[in-house]
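Worksheet: the structure to be examined is printed underneath.
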Amino acid sequence: HNKLMIIVGLTGGIASGKSFVSSHLEKKNIPVHKSDSFITNLYKSKNKEFIKFLLNNGFEKSVFKKKINKNTIRQEIFYNEKKKKLIEKYLHPKVKKDRESFLKKNIKKRIVFLDIPLLFEKKLTKNYNIICTTIAPLGIRERRALQRKGKNKKIFRQIIKNQTKDNERKKKSNYLIDTSKTKKKTCLQVDSIIYD
């Protein structure tokens, strides 16, 4: 890819404000590739290959009422490490391929962001020029997460347990975006990274 293009890895734990930062970047016409959106769209697409994969690997038929039900699958893999690994092994190459075509498409851009929730967990740090992490105190994140559909305290705590701890994130990041103050303050932090 273009040697002058700055590739920024954007990451952060659950409910740490990553989606808000992504949407702010898009408003500024900065290309953002969102791994989660790609996966959500794959679930919505009734992709025959994906459905076949799920059925062949013992996922409940109840996951296919009209569309592939992401929440049902999420519950199925939550406490099942084997199924979780299987589904990740299927999805990750697809996300990677989509990410690569995104980079090709935006080859002329000065800066692009790749929003990757599991950037540290999957040891992907070396792929980026800069790493930005969204952070916020756990109390604020829990409050945000509980406003979302299908999230309760137990699920939230389990997710937190599985994710990289914030002090670890801080060590590995070039920039931290603290989203615990006002939205305007968050946007100013993002702008100072873009125009640095």
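The values are calculated or read from the model by the stated rules, or taken from the named source; none is laboratory data. For clarity, every value in this text was computed on a predicted model and none was experimentally measured. All Cβ positions, even for glycine, are placed from backbone atoms using ideal geometry, and neighbour counts span all protein chains on display. These accessible areas exclude ligands, DNA and RNA; they are computed on the full protein's heavy atoms, side chains included. Shrake-Rupley method; radii C 1.70, N 1.55, O 1.52, S 1.80 Å.
Explain nothing, just the number: dipole magnitude of the stretch 75-196 about its Cα centre with +1 on each Lys and Arg Cβ and -1 on each Asp and Glu Cβ, in debye rounded to the nearest 20.
300
So, for the stretch 30-101, what is the accessible surface per residue at a probe of 1.4 Å, expressed in square angstrom?
64
Multiply the residue gap between His92 and Asn167 by 0.36 nm, knock off their C-alpha separation, and tell me the result in nm, one decimal place.
24.4 nm
Would you mind computing, in nm to one decimal, how far apart the modelled labels at Lys122 and Lys185 are, each placed 7 Å from Cα along Cα→Cβ?
In this crude spin-label approximation the distance works out to 3.2 nm.
For Ile6, which sequence-distant residues (separation of 5 or more, or a different chain) have an amide H within less than 5 Å of its own amide H, given hydrogens modelled in the peptide plane?
When sequence neighbours closer than 5 places are left aside, the close amide H contacts are Ile111, Val112.
Taking Cα pairs under 8 Å and at least six residues apart, what relative contact order does the chain come out at, in percent?
38
Accessible surface of Glu49 in the full protein assembly, 1.4 angstrom probe, to the nearest 10 Å²?
Counting only protein heavy atoms, Glu49 exposes about 100 Å² to solvent.
Can you work out ³J(HN,Hα) from phi for every residue in the stretch 160-169, in order, using Karplus 6.51 cos²θ - 1.76 cosθ + 1.60 and θ = phi - 60°, giving whole Hz and x for Gly and Pro?
For the stretch 160-169, the Karplus-derived couplings read 4, 4, 7, 9, 4, 6, 4, 5, 5, 4 Hz, x marking Gly and Pro.
Identify which of Arg110, Arg169, Arg148 has the largest mean-square fluctuation in a Gaussian network model of the chain, with springs joining Cα atoms closer than 10 Å.
Arg148
Roughly how large, in nm² to one decimal, is the mean projection of the convex hull of the alpha-carbon atoms in the stretch 63-145?
Its Cα hull, projected and averaged over all orientations, spans 8.2 nm².
Considering the chain as a Gaussian network with a 10 Å cut-off on Cα pairs, which listed residue, Phe102, Phe53, Phe113, attains the greatest mean-square fluctuation?
The residue that fluctuates most here is Phe53.
Between His33, His92, His24, which gets the highest mean-square fluctuation from a Gaussian network model of the chain, Cα cutoff 10 Å?
Its mean-square fluctuation being the largest, the pick is His92.
Express as a percent, rounded to the nearest 5, the fraction of DSSP beta bridges in the chain (both residues included) that run antiparallel.
Given both bridge residues lie in the chain, the antiparallel proportion sits at roughly 10 percent.
Using helices alone, I'd like the mean residue ellipticity at 222 nm for the chain: each DSSP H run of four-plus residues gives -39500 (n - 2.57), total over residue count, nearest 500.
That comes out to -15500 deg cm²/dmol.
Send over the per residue convex hull volume for the chain, Cα only, as a whole number of Å³. Present the calculation step by step, with values, prior to reporting the outcome.
On the way: hull volume 25.5 nm³, N = 196.
Output value, Cα hull per residue: 130 Å³.
Per residue, how much accessible area does the stretch 127-187 have with a 1.4 Å probe, in Å²? Walk me through the numbers on the way to the answer.
Numbers: 3900 Å² over 61 residues.
Solvent-accessible surface per residue comes out at 64 Å².
Given a 1.4 Å probe and every protein chain left where it sits, what share in percent of the accessible area of the stretch 14-170 is carbon and sulfur?
Ligands and nucleic acids excluded, carbon and sulfur give 53 percent.
In whole Hz, with x marking every Gly and Pro, tabulate ³J(HN,Hα) for the stretch 34-50 from phi via Karplus 6.51 cos²θ - 1.76 cosθ + 1.60, θ = phi - 60°.
Calculated HN-Hα couplings, in order: 10, 4, 4, 5, 4, 5, 4, 5, 5, 4, 6, 6, 6, 4, 4, 4, 5 Hz.
Compute the relative contact order of the stretch 1-113 as a whole-number percentage, counting only Cα pairs closer than 8 Å that sit 6 or more residues apart in sequence.
Computed over the stretch 1-113, the figure is 49 percent.
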